[in-house]
Amino acid sequence: GENVEQHPSTLSVQEGDSAVIKCTYSDSASNYFPWYKQELGKGPQLIIDIRSNVGEKKDQRIAVTLNKTAKHFSLHITETQPEDSAVYFCAASHGNNRLAFGKGNQVVVIP
Amino acid sequence: GAGVSQSPRYKVAKRGQDVALRCDPISGHVSLFWYQQALGQGPEFLTYFQNEAQLDKSGLPSDRFFAERPEGSVSTLKIQRTQQEDSAVYLCASSFRVVGGGNTEAFFGQGTRLTVV
């Protein structure tokens, strides 16, 4: 099955700086790559997703890039704010909606 | 409400007890998923329904786990004879996916935190 790895496990950034989280996946058939944000005591919330026919997607301060050849994708958060502090999960799927998640990345934005 | 609703939010069970966890998906969503999230880990897939049909149950860890969605809306995840290793957050997600279509956004509930003592 699909194996998704996520690095680094913890990331601390100064408010206003950028944060980048990288994920790799193993199944070349995967074609859908969402990113979820999970706050303490809440369920994961989708913040952005990308499909394999696109190399980059941006939504305000958040962007995702995909490199199919290398089988990795990254989340970029610019101008970080304290409310961006949370655990971020990457995931991969190949058409069956079953998501394989990474282990998560704790992002801490220091005011 | 407009989102995925799960109940109870918290459940404490004695080892060996049976539990039932409920999920109310977003109205009209065809697909429903159950995931298990251990502390400090990402969600792990358990099972998938398309309407009332359980199309994939390959993630259920043992035959003590059983899920149903008899009318294609509300779903129940049942765990029989609970063990300490069953302690986790159980997440339900739903999505509007047209049969034969590609992936669509999955919306998650807040989860049920199960603690087996």
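Just so it is clear, none of the values below were taken in a lab; they were calculated from the coordinates. All values reported here derive from a predicted model rather than from experimental measurement. Positions of Cβ are backbone-derived with ideal geometry, glycine not excepted, and every protein chain shown enters the neighbour counts.
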Somewhere in segment A:31-40, is a residue surrounded by 17 or more Cβ atoms within 10 Å (Cβ to Cβ) and charged (D, E, K, R)?
yes
Can you tell me which residue among B:L39, B:L32 is within 14 Å of chain A (Cβ to nearest Cβ) and in a loop (DSSP other than H, G, I, E, B)?
B:L39
Among the listed residues B:F96, B:F65, B:F107, identify the single one that is surrounded by 15 or more Cβ atoms within 10 Å (Cβ to Cβ) and either farther than 21 Å from A:A100 by Cα or touching a helix residue (DSSP H, G or I) at 6+ places or on another chain (Cβ under 9 Å) (or both).
B:F65
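Can you find even one residue in segment B:77-93 that is among the charged types (D, E, K, R), more than 11 Å from the chain's Cα centre (by Cα) and closer than 23 Å to A:G41 by Cβ?
Applying the first criterion (among the charged types (D, E, K, R)) to segment B:77-93 yields B:78, B:81, B:85-86.
From what is left, the residues that are more than 11 Å from the chain's Cα centre (by Cα) are B:81, B:85-86.
Those still in the list that are closer than 23 Å to A:G41 by Cβ too: B:85-86.
For segment B:77-93, residues among the charged types (D, E, K, R), more than 11 Å from the chain's Cα centre (by Cα) and closer than 23 Å to A:G41 by Cβ: present.
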As an exercise: evaluate B:D63 against (1) more than 14 Å from chain A (Cβ to nearest Cβ); (2) acidic (D, E); (3) in contact with a Phe, Trp or Tyr (Cβ under 9 Å, 6 or more places away or on another chain) and give the number of the one condition it does not meet.
(3)
Conditions (1) within 14 Å of another protein chain (Cβ to nearest Cβ); (2) part of a loop (DSSP other than H, G, I, E, B); number of the one not met by B:Y48
(2)
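Each row is one residue, and each column tells you yes or no for (1) away from chain B (no Cβ under 14 Å); (2) aliphatic (A, V, I, L, M); (3) touching a residue at least 24 places away in the same chain (Cβ under 8 Å); (4) surrounded by fewer than 14 Cβ atoms within 10 Å (Cβ to Cβ).
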| residue | (1), (2), (3), (4) |
| --- | --- |
| A:C23 | no, no, yes, no |
| A:D49 | no, no, no, no |
| A:H76 | yes, no, yes, no |
| A:C90 | no, no, yes, no |
| A:L99 | no, yes, yes, no |
